[in-house]
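A short worksheet on the structure shown next.
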Amino acid sequence: MLEDKLLILRFKRGDCDALRQIYDKYKCDLLKLAIFLTGNVHQSEDVVQDVFVKLAQSYDRLGVHSNIRNYLITCIINRIRTLRRDHRRHEKKERDQPAIRTSQISRPDQWAVLNEQMHQLSDAMRQLSFEQREVISLRFEAGLPFRQIARIQNRSVNTVEGRYRYGIEKLRSLMNSEVTR
């Protein structure tokens with residue numbers, strides 16, 4: 001936390017290396033979150049890039065005492081919401097590609113199993129409402145508590161917990177039906 005405050009201070013003073021360090025520190029977590037919310041790797045990469053470009057442009061609005069991680073997570077969510085709103089407005093249909101994460105897996109059979117599981121999870125996540133997908137992603141990927149998710153979504157904690165509970169139940173149901181096919 002102290003490291004982040006020093007990075008923010010250096011960044012606000014015009015140190016470009018501080019921005020690079022913030023990017024290096026948070027890009028992977030933000031990308032994972034964006035992938036879980038959008039289901040599209042390429043769109044998620046664009047979202048993360050857009051957020052960091054906006055951060056660089058608005059360095060004067062960032063407070064030294066700000067929590068940079070939470071600020072970036074909120075920016076990612078808001079950017080994805082804007083894209084969804086624009087998408088609905090223009091009624092374009094986009095094919096989501098499943099999110100595949102590079103890991104320690106080296107054998108082809110392991111890759112095949114992982115790929116199939118990722119397809120199933122991506123398909124199941126797409127069937128959830130965006131609000132449920134957002135809560136689940138923020139809880140699992142960002143590790144945020146329900147109170148903080150409630151502040152981000154501008155909803156009550158009970159509403160957020162309900163979205164989480166119903167989303168998890170639906171995921172379990174969808175994934176179990178995949179297994180029994």
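Tabulated data
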read-out: Residue check for Arg69: out of contact with any Cys (no Cβ under 9 Å at 6 or more places or on another chain) and loosely packed, with under 15 Cβ neighbours inside 10 Å; value: no
read-out: Test: Glu131 is more than 16 Å from Leu37 (Cβ to Cβ) and at pLDDT 60 or above; value: no
read-out: Answer residue from the range 44-58, given it is small (Gly, Ala, Ser) and either outside any helix (DSSP H, G or I) or under 13 Å from Leu83 (Cβ atoms) (or both) and is modelled with the lowest pLDDT among those; value: Ser58
read-out: Within the range 1-43, tally of residues that are in a loop (DSSP other than H, G, I, E, B) and polar (S, T, N, Q); value: 1
read-out: Selection status of Ala34, buried (at least 17 other Cβ atoms within 10 Å of the Cβ) and either assigned by TED's automatic domain parsing to the domain that holds Phe140 or at pLDDT below 90 (or both); value: yes
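So that you can scan it fast, the table gives a plain yes or no per residue for (1) more than 20 Å from Tyr23 (Cα to Cα); (2) in contact with a helix residue (DSSP H, G or I) (Cβ under 6 Å, 6 or more places away or on another chain); (3) at pLDDT 75 or above; (4) in a helix (DSSP H, G or I):
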site: Val64; (1), (2), (3), (4): no, yes, no, no
site: Ile76; (1), (2), (3), (4): no, yes, yes, yes
site: Arg81; (1), (2), (3), (4): yes, no, yes, yes
site: Arg84; (1), (2), (3), (4): yes, no, yes, yes
site: Pro98; (1), (2), (3), (4): yes, yes, no, no
site: His119; (1), (2), (3), (4): yes, no, no, yes
site: Ala124; (1), (2), (3), (4): yes, yes, yes, yes
site: Ile136; (1), (2), (3), (4): yes, yes, yes, yes
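The values are calculated or read from the model by the stated rules, or taken from the named source; none is laboratory data. Note that this is a predicted model, so its numbers are computed, not measured. In this analysis, Cβ positions are derived from the backbone assuming ideal geometry, glycine residues included, and neighbour counts consider all displayed protein chains.
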